[in-house]
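Every number here is computed from the coordinates shown, using simple stated rules; none is lab data. As the structure is a prediction and not an experimental result, all values here were calculated from the model. Here the Cβ is made from the backbone with ideal geometry for all residues, glycine too, and neighbour counts use every protein chain on show.
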Amino acid sequence: GRPASQEWFEAGSLLQHFEITLDGLPSLVERSRFDGGSPMLQARWGLHGYPALATLVCTLEDEHTEQGLRDLCGQHRGEHLSIEVTQLPGLVVMRAQAQQAAPIKNAFFAAWRLLRRSLQNTEAVAPRIWFT
């Protein structure tokens, strides 16, 4: 849907499959199916009425950086943004839901900057395409 235009996801389906393997073994496997007009889109156990969602995944086994991501989530979380971090063996997964894409983009950009500083010891410079 396009909520800014008052157009909602009322028909059709979206099927997603996302898989990450480390050393040839599955580390993260997600399958999602979203059906237009489904009660799941509004239910608390589903998307809770948030039309925008995103996932950021990073290979990470550094507790200090993971805590930094958790702190960052706390700074960005609010009425219009639901955001959490999950630690898996060798991976950290950040998931977000919002009414619009901008709060997710801002939070993920901040996470990306933190990860660049922590893991590559370099400042993050966003590609120009991110601003078009």
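Just the residues that are assigned to a loop (DSSP other than H, G, I, E, B) and closer than 20 Å to Ile104 by Cβ, please, taken from the stretch 1-10. Lay out the reasoning, then the answer.
Residues of the stretch 1-10 assigned to a loop (DSSP other than H, G, I, E, B): 1, 6, 8-10.
Across the stretch 1-10, the qualifying residues are Gly1, Trp8, Phe9.
Just the residues that are acidic (Asp, Glu), under 26 Å from Val85 (Cβ atoms) and surrounded by 10 or more Cβ atoms within 10 Å (Cβ to Cβ), please, taken from the stretch 1-31. Spell out how you get there, then give the answer.
Keep residues of the stretch 1-31 that are acidic (Asp, Glu), which gives 7, 10, 19, 23, 30.
Filter again for under 26 Å from Val85 (Cβ atoms), leaving 19, 23, 30.
Scanning the stretch 1-31 gives Glu19, Glu30.
Taking His76 as meeting all but one of (1) under 12 Å from Ala52 (Cβ atoms); (2) in contact with a Pro (Cβ under 9 Å, 6 or more places away or on another chain), write down the number of the exception.
Result: His76 fails condition (1) only.
Yes/no per residue for (1) within 11 Å of the chain's Cα centre (by Cα); (2) of a type in the set (A, V, I, L, M); (3) part of a strand (DSSP E or B); (4) over 23 Å from Ala52 (Cα atoms):
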residue: Val85; (1), (2), (3), (4): yes, yes, yes, no
residue: Gln97; (1), (2), (3), (4): yes, no, yes, no
residue: Arg113; (1), (2), (3), (4): no, no, no, no
residue: Ala124; (1), (2), (3), (4): no, yes, no, yes
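Looking only at the stretch 11-35, count every residue that is among the small types (Gly, Ala, Ser) and either outside any strand (DSSP E or B) or touching a His at 6+ places or on another chain (Cβ under 9 Å) (or both) and tell me the total.
The initial filter retains those residues of the stretch 11-35 that are among the small types (Gly, Ala, Ser), namely 11-13, 24, 27, 32.
With the extra rule that they be either outside any strand (DSSP E or B) or touching a His at 6+ places or on another chain (Cβ under 9 Å) (or both), the set shrinks to 11-12, 24, 32.
Of the residues in that region, 4 qualify.
Sort through Leu81, Leu69, Leu88 and tell me the only one that's surrounded by 13 or more Cβ atoms within 10 Å (Cβ to Cβ) and farther than 22 Å from Ile20 by Cα. Let's see the steps before the verdict.
Details: Leu69 fails: farther than 22 Å from Ile20 by Cα; Leu88 fails: farther than 22 Å from Ile20 by Cα.
Residue meeting the stated conditions: Leu81.
Take the conditions touching a residue at least 40 places away in the same chain (Cβ under 8 Å) and in contact with a strand residue (DSSP E or B) (Cβ under 7 Å, 6 or more places away or on another chain) and apply them to Leu14. Does it pass? Steps first, please.
Numbers: touching a residue at least 40 places away in the same chain (Cβ under 8 Å): no; in contact with a strand residue (DSSP E or B) (Cβ under 7 Å, 6 or more places away or on another chain): yes.
In short, no.
If I go through the stretch 74-118 residue by residue, how many of them are farther than 22 Å from Ala4 by Cα and in contact (Cβ under 8 Å) with a residue 60 or more places away in the chain?
Counting residues in the stretch 74-118 that are farther than 22 Å from Ala4 by Cα and in contact (Cβ under 8 Å) with a residue 60 or more places away in the chain gives 5.
Return the total of residues in the stretch 36-66 being in a helix (DSSP H, G or I) and surrounded by 12 or more Cβ atoms within 10 Å (Cβ to Cβ). Steps first, answer last, please.
Initial filter on the stretch 36-66 (in a helix (DSSP H, G or I)): 39-41, 63-66.
Narrowing the set further to residues that are surrounded by 12 or more Cβ atoms within 10 Å (Cβ to Cβ) leaves 40-41, 65-66.
Summing the residues that are in a helix (DSSP H, G or I) and surrounded by 12 or more Cβ atoms within 10 Å (Cβ to Cβ) in the stretch 36-66 gives 4.
Every residue, every condition in (1) under 20 Å from the mean Cα position of the chain (by Cα); (2) over 23 Å from Met94 (Cβ atoms); (3) β-branched (Val, Ile, Thr), yes or no:
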residue: Trp8; (1), (2), (3): no, yes, no
residue: His17; (1), (2), (3): yes, no, no
residue: Asp23; (1), (2), (3): no, no, no
residue: Gly36; (1), (2), (3): no, yes, no
